[in-house]
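A quick write-up on the structure given underneath.
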Amino acid sequence: MSNPEALLRVLICLVAGIAVIVLLTAKFRVHAFFALIISCFLVGLGVGLPVTEVLTVVKDGFGNILKSLGLLIVLGTTLGAILEHTGCTRVMANAILKVVGEKYASLAMSLTGFIVGLPIFCDSGYIVLSGLNRSLAKTTGVSLVIMSTSLATGLYAVHCMIPPHPGAAAAAGIIGVDFSKLMLTGGLVAIPAMIAGSLWAGYAGRKIPQLAADEVVDISADQLQPSVIKAFLPVVVPILLIALKSFFAVAPGNSSKIISLLLAVGDPVIALAIGVLLAFNAMQSWKKDTVAKLLQDGAEKAGGILVIIGAGGAFGAVLAATKIGTHLSEALPLASFGIFFPFLFTFILKTAQGSSTVAIITAASIILPLLHALGLDTEKGHLLCVLSMGAGSMMISHANDAYFWVITKFSGLEMKTMLKVYSLATVCMGLTALAMVYVVSYLL
C-alpha cells in the first residue's frame, strides 16, 4: 500500500474512532472507558492489525499508564475526600476572604477555588463551596452570577492544568513529562487563566440582573473546624516538597543526605502521602469507621478515574502501532503548527464531547506519535505539549459538560446566563492559558 493510501486509511479509522468516542460519551452517555476500548479495536482492526496484536497492544498500553499514575491518582482523591470531610476547605475559604477583603469577594472566591482545587476535583469542590459562595454573595452584595463564575473558573483552571487531576496527570504519563515540573509550570499557566476567568465574570456578570442568594450558610468560626494552619498544611506542604525537589534536581553538586532526603520526599507520590497524613491531623479525633469510610471513598473514586486513564493509554498505544505519526509527518508540514496543534486538537475534542479529562487523554494519545513532526520531541517540547493540551481542554465548557450542570444546579443560574458568562469565561481562560504557554516556551 502506498503512503497516500496508508495515510488515508489511517485517517479514516482515526476519525471514525474519535467519532465513536464523542457519540458514545456525549449522546449515549456511555462510560468513557468502554468508548475508548471500543475505539481501540475499531482503529486497530480498521488499519489491518490482527485481533491478537490489537489485544496485546491494548493490554500493554493500559498497564504502562497505570504503572506511572496509579498511586498518584489514588492519593489525590483520598486527600480531597479527607479535606472535604474535615472542613479544611471551608476554613481555607474564610481565611482567604479575610486577607483579600469583602470588597474583592469575587477574587477571594477565585483564589479559594484555585487553592481548594489543587487536591479536589472541580465538581466536588464546587459542591462543597457552593453554600459558602451563596452566603458571601448575600452578605457582600456581589452578584451571584459573578461569585459563582469566579469560584467555578478558579476550580476549573487547576483541574485542566495540574496533576493529580486526571487529565493533566494522564497526559504527562502518556507524553512523558516530569510531574514536578508540570505541577509548577502548570501553576504558572493556570493563575493567569484563573484571573482571566474572574475578570470576565466581573465584566459580563454586571450586565445580568441581580439574583437573590437566599440560601445562607453560617460561615462563622466553628469550634469543630481545624485551625487555619492545619487546614492549609495538607495542600501547601506537598507543593513545597515538590518545588524543592525540582530545584535541587537541577542544582549541580548536591549529594548530601539532606538533599537526597528532600529529593525522595519531593516525589509527587510521597509528597501527596504526606499531605494525606497532614489532612488526618486536621481533625482532633477520629472514629475508626469514619477513617475506613474516607479511605474507601478515595479508593473507589480513584478506580473510576484510573480505568478511563488506562483506556486512554491503550488508545494511545494502538495509535502508535498504526504508525500515524510517520504517515502524517510525511504528508503534512506539522512543524509549522508547533505547540498550537495540541491546543487546537484538544479544544475541538473538548467542545465536541464535553469532558476535559477525556479530551486531553484522547488528544495525548493521538499527538504522541506526532511529537517529532511537530518539533516537540524534546523534554521541553513534551512539557509545552501537555501545557498546550491543558489550555485546549479548558474551552469550551457548555451544555455537554457535566461540570457546567453542576454549576447551574448549585448556583441556581439559568442556562442562558451560564452560556453568556461561564462558557465565554472558559474561552477567555483557554486563550489566556495558550498565550502563557508561548511565554513559558521563551522562558524555559
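Toward the positive end of the charge dipole of the chain, with +1 on the Cβ of Lys and Arg and -1 on the Cβ of Asp and Glu, the farthest Cα among Met418, Leu118, Ile191 is that of Met418.
Short-range pairs are left out: with C-alpha atoms under 8 Å and at least six residues apart, the relative contact order of the stretch 3-443 is 23 percent.
Sequence gap at least 6, Cα distance under 8 Å: using those rules, report the relative contact order of the stretch 313-414 to the nearest whole percent. Before the final figure, lay out the partial values.
Working: 133 pairs, mean separation 36.9, N = 102.
Reported relative contact order: 36 percent.
Taking the Cβ of each residue in Thr426, Thr89, Thr408, Thr25 as the centre, tally the other Cβ atoms inside 10 Å and list the residues starting with the fewest.
Working: Thr426 31, Thr89 25, Thr408 17, Thr25 22.
By the 10 Å Cβ count, ascending: Thr408, Thr25, Thr89, Thr426.
Could you work out the local net charge near Lys420, counting Lys and Arg as +1, Asp and Glu as -1, over the other residues with Cβ closer than 14 Å to its Cβ?
Details: positive: Arg206, Lys207, Lys416; negative: Glu414.
Once all neighbours under 14 Å are counted, the net charge is +2.
Within the chain, what's the longest run with no chymotrypsin sites (Phe, Trp or Tyr not before Pro) in a DSSP loop and at most 16 other beta-carbon atoms within 10 Å? Give the range, please. That would be 29-285. The longest part of the chain holding none of the exposed loop trypsin sites (Lys or Arg not before Pro), meaning those outside H, G, I, E and B in DSSP with at most 12 other Cβ atoms within 10 Å, is 30-205.
Phi angles of the stretch 344-358 translate, via the Karplus equation with coefficients 6.51, -1.76, 1.60 and θ = phi - 60°, into HN-Hα couplings of 4, 5, 5, 4, 5, 5, 4, 5, 6, 10, x, 8, 5, 5, 5 Hz per residue; Gly and Pro are given as x.
Counting helices only, and only those DSSP H runs with n ≥ 4, report the 222 nm mean residue ellipticity of the chain as the sum of -39,500 (n - 2.57) divided by its residues, in deg cm²/dmol to the nearest 500.
On the way: 21 runs with 335 residues, N = 444.
Roughly -25000 deg cm²/dmol at 222 nm, from the helical runs in the chain.
Our note on the geometry: Cα centres of the stretch 68-89 and the stretch 273-301, 9 Å apart. This model, with +1 at the C-beta of Lys and Arg and -1 at the C-beta of Asp and Glu, gives the stretch 3-443 a dipole about its Cα centre of some 500 debye.
Once you reduce the stretch 339-391 and the stretch 41-61 to the center of their Cα atoms, the two points are 23 Å from each other.
Read the figures in this text as sums done on the coordinates, not as results from a lab. Predicted model, so just to flag it, every value in this text is computed and none were measured. Counting neighbours? That spans all protein chains shown, and the Cβs are built from the backbone with ideal geometry, glycine included.
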